[in-house]
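Working notes, beginning with the structure itself.
The numbers here are math on the coordinates, done by the rules we state, and not lab data. What you see is a predicted model, and the numbers here were worked out from it, not measured in a lab. Positions of Cβ are backbone-derived with ideal geometry, glycine not excepted, and every protein chain shown enters the neighbour counts.
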Amino acid sequence: MQEIRIRWLLLGALFSSIGMSFIWPLTTIYLHNRLGTSLTEVGIILLFYSLANVVGSVLGGRLFDRLNPYHLTIAGVCMSLVTFGTLVVTHGWPAYPIALVFLGFASGWTLTMVNSLATTIHSRDGRYIFNMLYFAENLGIVLGTAMVGFVYTTSITLLFGIAFGLFVGFLIVAIVCYKVPAVVNRKVVTRAKTTVHIALPNRRIMATFFISLVIIWTMYEQWASNLSVYMTGMGIPMKEYSLLWTLNAALIVVFQAGLNWLANYVSNLYVQVYAGIFFVALSFITLIFAKDYLHFVIAMVILTMGEATAFPAIPALVNDLTPTVVKGKYQGMANAWASVGKALGPLFGGLVIDHASYTVLFVVAAAANLIVLVLTGVVVTGNQRRVETYR
């Protein structure tokens with residue numbers, strides 16, 4: 001049965017990633033500096049964006065198994081296309097925050113569709129396909145964040161126009177290249193509900209991971225939301241803030257290559273989680289003392305080391321701790337709890353900044369990650385010997 005060629009799936013993911021990378025780096029600074037909203041209000045808007053993203057992901061995943069994935073993918077791309085087209089015409093208040101919610105829903109929907117379409121490709125190894133998708137998405141972030149600061153200072157209308165053009169390209173690719181038998185003739189598979197026993201030590205460790213993901217992502221989101229205002233307030237141009245995310249995406253690729261090499265010598269994934277959480281905490285400690293751009297670059301390098309180390313290790317460990325029949329369920333829970341942290345992050349940071357200061361925020365973020373590190377170590381140490389491992 002004819003399948004989607006992987007290069008077209010990667011191209012669609014790349015277009016989507018670049019387009020959405022035009023949104024999240026500038027949202028906080030655009031709403032706060034140009035539209036005059038408080039950081040708390042920005043946090044609430046980003047909360048709705050994240051919640052819409054979660055709803056789009058969950059709903060899209062469920063409908064993928066019930067309806068024609070080709071039509072669902074086209075619908076998601078069209079929603080982003082229409083929203084960016086609206087932003088080209090009007091991007092003031094309340095048009096921008098309303099459009100942001102629609103983009104959150106469409107982004108979650110489309111990403112779910114792209115990942116789900118990848119499961120219809122059986123001619124290549126699944127690990128290779130998803131690794132390539134991850135690479136394409138990070139390449140999109142590199143290109144998008146490298147451009148957004150420069151285009152933003154030129155014209156916000158031009159920025160949304162370029163994003164509109166990218167989704168036109170995505171739509172053309174999807175219409176022409178995704179209508180293949182493996183997608184449009186895909187059969188719905190039903191499975192009877194099964195009660196599965198998971199050992200208590202396994203459940204304790206996974207519950208700790210899920211709680212940790214909420215806290216880590218809540219703090220991590222300060223980088224993607226409130227830090228832009230902090231840096232520009234110190235006289236650092238917006239384009240230099242956006243370049244930090246270019247550096248982040250590029251280093252993720254480099255660090256992951258190093259981790260793949262290191263895996264030949266260090267097999268204990270728990271150590272990788274500990275190291276990752278420590279580096280995330282250390283990045284916030286560095287921010288406390290950052291007064292110039294070089295220190296922000298150093299802090300971003302440290303943050304990226306933590307992100308690239310901890311974030312891939314947690315789902316890998318959840319995979320080892322769950323039997324085959326419920327792996328999807330628990331991987332979904334890991335994604336869901338991470339999304340909760342992403343949703344709460346901007347609002348939490350805005351409240352702390354409005355009632356205290358950025359320095360207090362950085363101290364709280366560092367302390368929270370260190371507490372997570374200690375609690376994770378205690379729970380894992382107390383239960384690791386009695387876990388049941390599944391491969």
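What to note about this one:
- Applying 1/(1 + (r/R0)^6) with R0 = 25 Å to the Cβ-Cβ distance of R7 and V55 gives a FRET efficiency near 0.25.
- In the range 200-386, the C-alpha radius of gyration followed by the widest Cα-Cα span (Dmax) gives 16.9, 54 angstrom.
- Taking θ as phi - 60° and the Karplus parameters 6.51, -1.76 and 1.60, the scalar couplings of the range 171-183 work out to 4, 5, 4, 5, 5, 7, 10, 9, 8, 10, x, 4, 9 Hz in sequence order, x denoting glycine and proline.
- For the range 6-184, size of Cβ-based charge dipole, Lys and Arg +1, Asp and Glu -1, in debye: 280
- Extension gain, V360-C177: 0.36 nm per intervening residue step, less the Cα-Cα distance, totals 60.8 nm.
- In nm, spacing of pseudo-spin labels at F289 and V378 (7 Å Cα→C-beta vector): 2.9
- You can think of it this way: the chain between R34 and M234 has 70.3 nm of extra reach, that is 0.36 nm per residue less the Cα-Cα gap.
- Shape of the chain, Cα gyration tensor, a/c cut at 1.5: oblate
- Nitroxide proxy distance, nm - points 7 Å out along Cα→Cβ at I211 and S155: 5.3
- Qualifying trypsin sites (Lys or Arg not before Pro) in the range 52-128, DSSP loop, other Cβ atoms within 10 Å at most 16: R66, R124
- Likely footprinting exposure, Y241, Y270, Y265, fewest C-beta neighbours within 10 Å first: Y265, Y270, Y241
- Net length gained if the chain between V82 and T389 were fully extended (0.36 nm per residue, minus Cα distance): 105.8 nm
- About the centre of its Cα atoms, the range 200-386 shows a dipole size close to 640 debye [charges on the beta carbon of Lys, Arg (+1) and Asp, Glu (-1) only; nearest 20 debye].
- For the chain, modelled as a GNM whose springs connect Cα atoms under 10 angstrom apart, the maximal fluctuation among N369, N319, N53 occurs at N319.
- Across the range 111-118, computed HN-Hα scalar couplings (Karplus, 6.51 cos²θ - 1.76 cosθ + 1.60, θ = phi - 60°) run 4, 4, 5, 4, 5, 6, 4, 4 Hz from first to last residue, x flagging Gly and Pro.
- With contributions of -39500 (n - 2.57) from each DSSP H run of at least four residues, the per-residue ellipticity at 222 nm computed over the chain stands at -27000 deg cm²/dmol.
- Per-residue ³J(HN,Hα) for the range 341-349, Karplus 6.51 cos²θ - 1.76 cosθ + 1.60, θ = phi - 60°, Hz, x for Gly and Pro: x, 4, 6, 7, x, x, 5, 4, x
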